[in-house]
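J.: Starting off with a structure, shown below.
The values are calculated or read from the model by the stated rules, or taken from the named source; none is laboratory data. The shown structure was predicted, so the numbers you read here are calculated from the model rather than taken from an experiment. When we count neighbours, we look across all protein chains shown, and the Cβ atoms used for this are built from the backbone with ideal geometry, even at glycine.
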């Protein structure tokens, strides 16, 4: 049984000659109220401008990054490193494969075009998400020859996570016997020109 109480404003007697007019007026008022409620509700489902921007791509002028230096940009709320590697930094990627968990990057932590020892489209430019694959901490770049006591004397250069001691080489490949289970993630990216790098999209 329906126990809903009638709306007094919309209740008319059967003998009222204006019954039809009242019913039409009440129906129209109800339709306007329903529309006024529905429009804000439907609008709330649309993504905000901030949400759209968070998923957008990011452009980097790599020509402004000198060799041996790096730049950090934000993409989808994550720090992304862009490192201009020198010939010495590229040479340091060789010779320690036996110490790495996944030297060939077989675990798909990067797009297919970065599944190589340099983990890059162009070897001299390294692009990686700067988040440790252990618990989400942010590693720091530590060059070769550092005096950091947490790193070996023959450290070839790379990235060190001070939170729990995970180490990654200059291509973001994780060393064995460390908390991080996989290499650093490589985001989708492509080159719009010789000096313009686009992070977040593929060509």
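J.: In region 58-115, what residues are part of a strand (DSSP E or B) and farther than 21 Å from residue 191 by Cα?
T.: 100
J.: I've got another one for you. Condition test on residue 165, is it in a loop (DSSP other than H, G, I, E, B), under 18 Å from the mean Cα position of the chain (by Cα) and assigned by TED's automatic domain parsing to the domain that holds residue 76?
T.: Working: in a loop (DSSP other than H, G, I, E, B): yes; under 18 Å from the mean Cα position of the chain (by Cα): no; assigned by TED's automatic domain parsing to the domain that holds residue 76: yes.
No, not satisfied.
J.: Just give me the residues in region 168-178 being assigned to a loop (DSSP other than H, G, I, E, B) and more than 20 Å from the chain's Cα centre (by Cα), in sequence order. Even if it seems obvious, please write down each step before you answer.
T.: Filtering region 168-178 for residues assigned to a loop (DSSP other than H, G, I, E, B) gives 170-173, 176-178.
Result: 170, 176, 177, 178.
J.: OK, next. Looking at the structure I just gave you, is residue 129 closer than 22 Å to residue 198 by Cβ, touching a residue at least 24 places away in the same chain (Cβ under 8 Å), surrounded by 15 or more Cβ atoms within 10 Å (Cβ to Cβ) and touching a strand residue (DSSP E or B) at 6+ places or on another chain (Cβ under 6 Å)? Show your work before the answer.
T.: Working: closer than 22 Å to residue 198 by Cβ: yes; touching a residue at least 24 places away in the same chain (Cβ under 8 Å): yes; surrounded by 15 or more Cβ atoms within 10 Å (Cβ to Cβ): yes; touching a strand residue (DSSP E or B) at 6+ places or on another chain (Cβ under 6 Å): yes.
Against the criterion (closer than 22 Å to residue 198 by Cβ, touching a residue at least 24 places away in the same chain (Cβ under 8 Å), surrounded by 15 or more Cβ atoms within 10 Å (Cβ to Cβ) and touching a strand residue (DSSP E or B) at 6+ places or on another chain (Cβ under 6 Å)), residue 129 qualifies.
J.: Please indicate, with yes or no, whether at least one residue in region 91-102 is touching a helix residue (DSSP H, G or I) at 6+ places or on another chain (Cβ under 9 Å), on the phi < 0 side of the Ramachandran plot and assigned by TED's automatic domain parsing to the domain that holds residue 154.
T.: Initial filter on region 91-102 (touching a helix residue (DSSP H, G or I) at 6+ places or on another chain (Cβ under 9 Å)): none.
No: region 91-102 contains no residue that is touching a helix residue (DSSP H, G or I) at 6+ places or on another chain (Cβ under 9 Å), on the phi < 0 side of the Ramachandran plot and assigned by TED's automatic domain parsing to the domain that holds residue 154.
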